[in-house]
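Worksheet for the structure shown next.
The values are calculated or read from the model by the stated rules, or taken from the named source; none is laboratory data. Just so you know, these numbers come straight off a predicted model, no measurement behind them. Heads up, the Cβs are rebuilt from the backbone with ideal geometry, glycines too, and the neighbour counts pull from every protein chain shown.
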Amino acid sequence: MDVPGCAAMYLYVALGARDGAAAGMALLLGAFTMSVACYAVADRRAEAAYAAIALVVGVAMATAVLPSTGNVFLDAVVLLNIIVIALLLFVRSISMPSLHPVRLRNLSMAIVLLLPIGLAFAQAASLGLRFWESFPLGTPSLLFLPFMALWGFAEEALFRGVVQRSFSAAMGRSPAIISAAALNAAYMLFWGSVMYAAFSFLAALLLGWLYARTSSLMYVGTIRALADTWLVVAFLVLGLTG
């Protein structure tokens with residue numbers, strides 16, 4: 001229900017329709033209630049997965065009802081703090097499945113350095129011109145770079161470090177990667193772009209596979225942090241050339 005709920009909220013974001021908002025919030029609240037109820041009766045192998053779903057739906061609800069300050073940068077900072085606090089509370093209260101770290105090869109460094117550049121430009125293209133125009137060349141956009149890095153890492157901590165890791169114990173590696181990617185894409189619908197959600201799903205599949213291969217949140221978090229940092233540069237380049 002959380003994926004349809006986020007989809008209904010997308011209709012609200014895209015069209016400004018009150019019915020879309022009501023339907024989306026109803027589905028999100030229903031999904032939150034169901035996931036909490038399932039967590040209460042789940043066995044130990046599945047309880048982290050249900051708790052992770054509740055965490056994502058809770059963050060989605062906060063995104064939906066959070067009042068805007070009129071400043072997109074300030075809104076993003078407030079939302080980032082909510083996500084980080086929710087993650088910290090989650091890992092302190094929920095027992096997570098254990099990981100088996102894998103030694104990284106030299107190719108891993110090349111992936112960290114080069115993959116973010118490609119992801120950034122693909123991400124900027126999927127968001128479209130109306131987002132490029134929000135990043136005019138100047139000091140405000142450049143000062144936003146550190147925040148984008150933090151946002152990218154926090155997103156990976158949520159969807160890979162918590163959701164995928166929790167799902168893997170309950171459903172196995174491949175279904176966990178796909179399910180976490182689907183939740184990731186559904187949440188991205190709040191940014192009002194189906195193309196961006198589609199990009200997020202594909203990128204999440206790739207990052208999920210890398211996370212499963214390396215068992216390292218630091219690895220995929222660094223890739224995402226660099227990709228979101230390069231995203232600002234991509235916005236500037238595409239804005240100047242578009």
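Only a single item in (1) modelled with pLDDT of 75 or more; (2) assigned to a loop (DSSP other than H, G, I, E, B) is not met by F135, and it is number (1).
Within segment 208-225, is even one residue more than 22 Å from L87 (Cα to Cα) and at pLDDT below 90? Within segment 208-225, one or more residues are more than 22 Å from L87 (Cα to Cα) and at pLDDT below 90.
Among the helices (runs of 4 or more DSSP H) confined to segment 1-113, the ones with at least 1 residues that are of a type in the set (S, T, N, Q) and at pLDDT 70 or above are located at 44-65, 72-93. Looking only at segment 206-219, decide whether some residue is without any contact (Cβ under 8 Å) to a residue 40 or more places away in the chain, under 23 Å from L113 (Cα atoms) and of a type outside the set (A, V, I, L, M). The answer is yes; a qualifying residue exists. Residues in segment 51-90 that are surrounded by 14 or more Cβ atoms within 10 Å (Cβ to Cβ) and farther than 22 Å from M148 by Cβ: 10 in all.
Within segment 146-192, being in contact with a helix residue (DSSP H, G or I) (Cβ under 9 Å, 6 or more places away or on another chain) and either outside any helix (DSSP H, G or I) or of a type in the set (D, E, K, R) (or both) holds for E155, E156, R160, R165, R173, G192.
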